[in-house]
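J.: Below is one structure. I have some questions about it.
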Amino acid sequence: MTRVAPSPAPSSPATPGPLPKAELHLHIEGTLEPELAFALAQRNGVTLPYATEDELRRAYSFTDLQSFLNLYYALMAVLRTEDDFADLAHAYLARARQQGVRHAEIFFDPQAHTARGVSLGTVVDGLSRALDTAEERYGISTRLIMCFLRDESAESALTTFEAARPYLDRITAVGLDSAEVGHPPTKFREVFALAREAGLKCVAHAGEEGPPAYVWEALDDLHVDRIDHGVRCMEDERLVARLAAEQVPLTVCPLSNVRLRVIDDLSAHPLPAMLDAGLLVTVNSDDPAYFGGYADDNFTAVRDALGLDEDTLRTLARNSFRAAFLDEATRAKYLAEIDAHQAAAQHR
Ligand code: HPA
Ligand code: ZN
């Protein structure tokens, strides 16, 4: 398989390029572009229910989260071997580099693969093979976040966590994703407690389609370090005050919100109101192959639709490093890159 060759480093002093940023909400399975899906289908002898890449692209018209998840899980049928997971991660990293991503915390959905007979070892070994080269090859530091599917049982999450124990040295955090409504965070209290005991960080999707009550539960019952999405927190003043006071990071995904009809139109996105409320907001791409843009595309889209100025965009980029699971020296190094980017942009 031919891989996308790494491009030249995007930020030299003469042409600052995209803002340096961390991507904290990115499902690696959601980076599967149609071209790679068809290439892997052919390599693995899998027949996709679409004749061409264009026909597949025409299916990317979603009415809600579930309508997206149906396609997202169906296309995973092409991911079978360690090579497939390594190629998927390489393709993402090459794109992320062009978008100014300096650090990526990458979700994966083990149950979506083990349910198809693909072992956890195949997934983790394949992804790690690419991530182990990421610093040197793409200039991107990485972390892995293992997500539990909330529309599966609490027992299945526990079984998955126990099966993952041999791999925990490569996993930084656990997360919670898939169909939100009807599957409250509390259902996963036990497995999150085990993860914390094992020294892992915790994050959870909450307040995307689900109510503010799910954000409260994620904080109080799962003791999460960050909330993924969280946009519906804006319906609950007390919750906003709590999130602001504790500076709980929110990994917001603007293009995703529009594509999944969480928000009617990008111009109506609550991102400016969230910033005004003092929330620690970050901007991320979620499932970029499906939602029309990678990390910097999301920055550009909110700039254009919401009229955000350069200072606000830099705040969002700084927030991404402040919210990342990084040691303090590395965090400071990345924050200094934003200062350097600002200086280069102002002295052009
Ligand atoms: N929400 C919930 N589950 C997901 C998503 C999302 O945006 N993307 C992939 N799995
Ligand atoms: Zn997500």
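J.: Quick one: would you say P49 is surrounded by 15 or more Cβ atoms within 10 Å (Cβ to Cβ) and touching a residue at least 24 places away in the same chain (Cβ under 8 Å)?
T.: When the stated conditions are applied, P49 does not pass them.
J.: Here is a further query. Just the residues that are touching a Lys or Arg at 6+ places or on another chain (Cβ under 8 Å) and either more than 16 Å from ligand 1 (Cβ to nearest atom) or part of a loop (DSSP other than H, G, I, E, B) (or both), please, taken from the range 269-289.
T.: The one that is touching a Lys or Arg at 6+ places or on another chain (Cβ under 8 Å) and either more than 16 Å from ligand 1 (Cβ to nearest atom) or part of a loop (DSSP other than H, G, I, E, B) (or both): L280.
Results for (1) assigned to a helix (DSSP H, G or I); (2) surrounded by 22 or more Cβ atoms within 10 Å (Cβ to Cβ), shown as yes or no for each residue.
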site: R261; (1), (2): no, no
site: S267; (1), (2): yes, no
site: G293; (1), (2): no, no
site: D296; (1), (2): yes, yes
site: T315; (1), (2): yes, no
site: A324; (1), (2): no, yes
site: R331; (1), (2): yes, no
site: D339; (1), (2): yes, no
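J.: Looking at E136, E105, E55, can you tell me which residue is closer than 30 Å to Y334 by Cβ, more than 16 Å from ligand 2 (Cβ to nearest atom) and of a type in the set (D, E)?
T.: Answer to the check: E136.
J.: If a residue has to be more than 14 Å from ligand 1 (Cβ to nearest atom), within 21 Å of the chain's Cα centre (by Cα) and in contact (Cβ under 8 Å) with a residue 24 or more places away in the chain to count, how many in the range 294-311 make the cut?
T.: Residues meeting the conditions: 7.
J.: Is it the case that V181 is within 23 Å of G30 (Cα to Cα), surrounded by fewer than 16 Cβ atoms within 10 Å (Cβ to Cβ) and hydrophobic (A, V, I, L, M, F, W, C)?
T.: yes
J.: Name the one entry in D221, D276 that is of a type in the set (D, E, K, R), under 29 Å from G199 (Cα atoms), away from ligand 2 (no atom under 16 Å from the Cβ) and surrounded by fewer than 21 Cβ atoms within 10 Å (Cβ to Cβ).
T.: D221
J.: Follow-up question, since we're still on this one. Among V174, V203, V215, V191, which is under 17 Å from R143 (Cα atoms), out of contact with any Asp or Glu (no Cβ under 7 Å at 6 or more places or on another chain) and buried (at least 20 other Cβ atoms within 10 Å of the Cβ)?
T.: Being under 17 Å from R143 (Cα atoms), out of contact with any Asp or Glu (no Cβ under 7 Å at 6 or more places or on another chain) and buried (at least 20 other Cβ atoms within 10 Å of the Cβ) holds for just one of V174, V203, V215, V191, which is V174.
J.: Within the range 135-144, how many residues are assigned to a helix (DSSP H, G or I) and among the hydroxyl-bearing types (S, T, Y)?
T.: Adding up the residues that qualify gives 1.
J.: Another one. Restricting the range 131-161 to residues that are buried (at least 19 other Cβ atoms within 10 Å of the Cβ) and among the basic types (K, R), which is farthest from D83 (Cα to Cα)?
T.: Looking at residues that are buried (at least 19 other Cβ atoms within 10 Å of the Cβ) and among the basic types (K, R), I get R150.
J.: Could you say which residue among H183, H229 is farther than 24 Å from H269 by Cβ and either touching a Cys at 6+ places or on another chain (Cβ under 7 Å) or within 16 Å of ligand 2 (Cβ to nearest atom) (or both)?
T.: After ruling out the rest, the residue left standing is H183.
J.: Say whether the condition of being over 21 Å from D109 (Cα atoms) and more than 16 Å from ligand 2 (Cβ to nearest atom) is met by at least one residue in the range 66-79.
T.: Checked against the condition, which is being over 21 Å from D109 (Cα atoms) and more than 16 Å from ligand 2 (Cβ to nearest atom), the range 66-79 yields no hits at all.
J.: For the list (1) out of contact with any Asp or Glu (no Cβ under 8 Å at 6 or more places or on another chain); (2) buried (at least 19 other Cβ atoms within 10 Å of the Cβ), I need the number of the one condition that A241 fails.
T.: (2)
J.: Quickly run through the range 62-85 and pick out the residues that are farther than 22 Å from T122 by Cβ, among the hydrophobic types (A, V, I, L, M, F, W, C) and not in a helix (DSSP H, G or I).
T.: Of everything in the range 62-85, just one residue is farther than 22 Å from T122 by Cβ, among the hydrophobic types (A, V, I, L, M, F, W, C) and not in a helix (DSSP H, G or I), namely F62.
J.: Tell me, which strands (runs of 3 or more DSSP E) wholly within the range 145-233 include 1 or more residues that are more than 16 Å from ligand 1 (Cβ to nearest atom) and among the charged types (D, E, K, R)?
T.: So the answer is 201-206.
J.: Within the bounds of the range 99-111, is there any residue that is within 15 Å of ligand 1 (Cβ to nearest atom), of a type in the set (D, E, K, R) and in a loop (DSSP other than H, G, I, E, B)?
T.: Yes - at least one qualifying residue is present in the range 99-111.
J.: Name the residues in the range 234-258 that are of a type in the set (G, A, S) and within 16 Å of ligand 1 (Cβ to nearest atom), would you?
T.: Within the range 234-258, just S256 meets the criteria.
J.: Okay, next question. Please determine, by comparing only the residues of the range 240-259 that are over 15 Å from D276 (Cα atoms) and out of contact with any strand residue (DSSP E or B) (no Cβ under 8 Å at 6 or more places or on another chain), which one is nearest to ligand 2 (Cβ to nearest atom).
T.: Within the range 240-259, the match that is nearest to ligand 2 (Cβ to nearest atom) is R259.
Quick grid of which residues meet (1) within 16 Å of ligand 2 (Cβ to nearest atom); (2) at pLDDT below 95:
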{"site": "V283", "(1), (2)": "yes, no"}
{"site": "D286", "(1), (2)": "yes, no"}
{"site": "G292", "(1), (2)": "yes, no"}
{"site": "T312", "(1), (2)": "no, no"}
{"site": "A317", "(1), (2)": "no, no"}
{"site": "F321", "(1), (2)": "no, no"}
{"site": "H341", "(1), (2)": "no, no"}
{"site": "A345", "(1), (2)": "no, yes"}
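J.: Also, I was wondering about something else. Condition first: under 21 Å from A268 (Cβ atoms) and touching a helix residue (DSSP H, G or I) at 6+ places or on another chain (Cβ under 9 Å). Can you find one or more residues in the range 216-226 that meet it?
T.: No - not one qualifying residue is present in the range 216-226.
The values are calculated or read from the model by the stated rules, or taken from the named source; none is laboratory data. Worth saying up front: this structure is predicted, and the values here are computed from it rather than measured. Counting neighbours? That spans all protein chains shown, and the Cβs are built from the backbone with ideal geometry, glycine included.
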